[in-house]
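A.B. asks: Attaching a single structure in C-alpha cells format; questions to follow.
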Amino acid sequence: MTATALQTKVHPALEGSLLLEVTSVRAQTNSITSISFGHPLGEQLPSYVPGSHLVVQYGTGANSYSLTGAGSAPTEYTISVLRVEDGAGGSLAMHALSVGDRVQVSRPRSAFAPAATAKHHLLIAAGIGITPVLSHARYAAEWGASASLIYVHRPGTGAHVEDARELLGSDLTECTDRNSFREVLTTKLTTQKLGTHLYVCGPTDFMDSVLEQARDLGWPKGLLHSEAFSAAALDDGQPFAVNLVRSGVKLDVPAGVSLLETLESAGLNIPNMCRKGICGECAAPVLRGAPQHRDLYLTDQEKADNTTIMCCVSRSLDKELELDL
Ligand code: FES
C-alpha cells in the first residue's frame, strides 16, 4: 500500500491525532506481523501506560491495536497484528503497510494499566493476546517490578515468544495445549502472594474461563484485569432508560439494542464511525448515573469519572442515565 493510498481525509474521531510513518514491518509468524510507526522527523512520541492501545485509521475505517512496548519516552509505537481474512478489513490493511507509508493514529489510550499497588503481576496471555501483556512484561523488566507470565500458544505459531523468554526468563511458563494450561493456572492461582494482580488477554472464552476460575478460588474482582480485543462480541445487556436533558426526552433502551441505535431511532444525529467502541466518535456527556463502560476508547480514569459514555457499546449500571443531549 502506498502512502498516497492512506492519505484519506482524517476522520473527526482522529482529529488531534498523529500522522506517523511506518518505520519497520516484521513478520512474527505466518499470520502475525509487527509494524512500527515513528514521527516523520524522528521526534519522540507521547509516552503511554503499559497495556495501552492505538486507534489506527485505514481508508474510512479505524481499528484498535495494543502497543507492545513499555511506553516510556518512545521513539516508535509498535503493534502486532493477526491477519483476519474475513474481518472488517483493518488487519488486511495493516498487513499491506510498507516502510514509508504514512498513517493517522490516535494518541495511546490506556484501558489495561498495571495496578500501581500490586506486589506481583501475574500475566496470562493466549495467542495474539500476548501483545498488551508483552507491554506489561517490558515495563516490569524496565522498572524492576515483580511479574510472571503464562503464555499459551501453539508450537511454531506464537508471536513474541523469544521476547517473552528474554524478558521473563524462569518467570515465563509456556503452555502449548489447554490441558497443561489448566494445571498450570490452578497452581498459579492458588500459590500467589498477597497483593498479586492478575491480567489476562486472549480469546473471549479463554479470558472468561481464567477470570471465572480466579473468582471461584476467591480472587477479589479488584485484582482481576482483562483486555478484550474488540468490544464487538458483547452480550445483549440489561434494559435501561436514558433521560436526554436538553431534548426533554426520555427513552427506553431494550436489551440487545444499543444506546446509539436507540438515539438514532428517536431522530438524534449522533456522530459515529466504528460502532465497536474503539474510535471515540460517539461519545456523549453523562450528567447522572453510572455507565457500564464496554468500550476500548476511554481511559481507566475517564471510565472511573463516569462523565462520558460511548453510545455504540456501553450501557448503564443504573436503571436510568441522564445525558447532556
Ligand atoms: S462509534 Fe466508535 S466508539 Fe462508538
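Since every read-out is calculated from the coordinates, none of them should be taken as a lab result. Just so it is clear, the model here is predicted, and its values are computed rather than measured. Glycine gets a Cβ as well: all are built from the backbone with ideal geometry, and neighbour counts include every protein chain shown.
A.B. asks: Going by amide H atoms built from the backbone, whose H comes under 5 Å of the H on residue 173, apart from near neighbours?
C.D. replies: Amide H neighbours of residue 173: 149, 150, 151.
A.B. asks: A further question follows. As a test, work out the antiparallel percent of DSSP beta bridges whose residues both lie in the chain, rounded to the nearest 5. Numbers along the way, then the final one.
C.D. replies: Working: 39 of 63 bridges.
Rounded to the nearest five, the antiparallel share is 60 percent.
A.B. asks: Given a cut-off of 22 Å, what percent of all Cα-Cα pairs of segment 240-323 lie beyond it?
C.D. replies: 14
A.B. asks: Also, quick follow-up: With 20 Å bins from zero, work out the P(r) of the chain over every alpha carbon pair and list the percent per bin.
C.D. replies: 31, 57, 12, 0
A.B. asks: Another question, if that's okay. State the three equivalent ellipsoid semi-axes of segment 184-259, derived from the C-alpha gyration tensor as the square roots of 5 times its eigenvalues, in descending order and whole Å.
C.D. replies: Semi-axis lengths for segment 184-259 are 36, 14, 10 Å.
A.B. asks: Using a/c under 1.5 as the rounded threshold, could you call segment 150-197 rounded, prolate or oblate? The axes a ≥ b ≥ c are square roots of the C-alpha gyration tensor eigenvalues, and prolate needs a/b larger than b/c, oblate otherwise.
C.D. replies: oblate
A.B. asks: Going by Cα centres, segment 31-53 and segment 211-225 are how many Å apart?
C.D. replies: 32
A.B. asks: Here's a follow-up. What is segment 3-110 by shape, rounded, prolate or oblate, if you read a ≥ b ≥ c off the alpha carbon gyration tensor as root eigenvalues and call it rounded for a/c under 1.5, prolate for a/b larger than b/c, and oblate otherwise?
C.D. replies: Cα axes put segment 3-110 in the rounded bin.
A.B. asks: Projected onto the charge dipole of segment 216-325 (+1 at Lys/Arg Cβ, -1 at Asp/Glu Cβ, origin at the Cα centre), which of 312, 244, 289 gives the Cα projection farthest towards the positive end?
C.D. replies: Farthest towards the positive end: 244.
A.B. asks: Normalised radius of gyration for segment 120-227, please: alpha carbon Rg relative to 2.2 N^0.38 Å, two decimal places.
C.D. replies: With N residues counted in segment 120-227, Rg over 2.2 N^0.38 Å equals 0.97.
A.B. asks: Using Cα positions and a limit of under 17 Å, work out the lysines in reach of residue 250, with same-chain residues fewer than 8 apart set aside.
C.D. replies: 319
A.B. asks: Still on this structure, please answer the following. For the pairs 188/221; 119/221; 221/303, note any where the Cα-Cα span goes beyond 23 Å. Write down the numbers at each step before the final one.
C.D. replies: Working: 188/221 17 Å; 119/221 16 Å; 221/303 16 Å.
With Cα atoms farther than 23 Å apart: none of 188/221; 119/221; 221/303.
A.B. asks: For the chain, with the dipole built from +1 on Lys and Arg beta-carbon atoms and -1 on Asp and Glu ones, taken about the Cα centre, which of 253, 211, 277 lies farthest toward the positive end?
C.D. replies: Projecting each Cα onto the dipole axis, the largest value belongs to 211.
A.B. asks: Further question: Using +1 at the Cβ of each Lys and Arg and -1 at the Cβ of each Asp and Glu in the chain, identify which of 104, 57, 118 lies farthest towards the dipole's positive end.
C.D. replies: Selected residue: 118.
A.B. asks: Right, next: About the Cα centre of segment 240-323, how large is the charge dipole given +1 on each Lys and Arg Cβ and -1 on each Asp and Glu Cβ? Please answer in debye to the nearest 20.
C.D. replies: 100
A.B. asks: Still on this structure: If packing is taken as the average number of other Cβ atoms within 10 Å across a peptide's residues, how do 174-181, 143-150 rank, most packed first?
C.D. replies: Numbers: 174-181: 14.2, 143-150: 17.6.
Going by the mean number of other Cβ atoms within 10 Å, highest first, we get 143-150, 174-181.
A.B. asks: Using amide H atoms built 1.01 Å from N in the peptide plane, name the residues 5+ places from residue 120, or on other chains, whose amide H lies under 5 Å from its own.
C.D. replies: Amide H to amide H, under 5 Å and 5 or more residues apart or across chains, residue 120 pairs with 196, 197.
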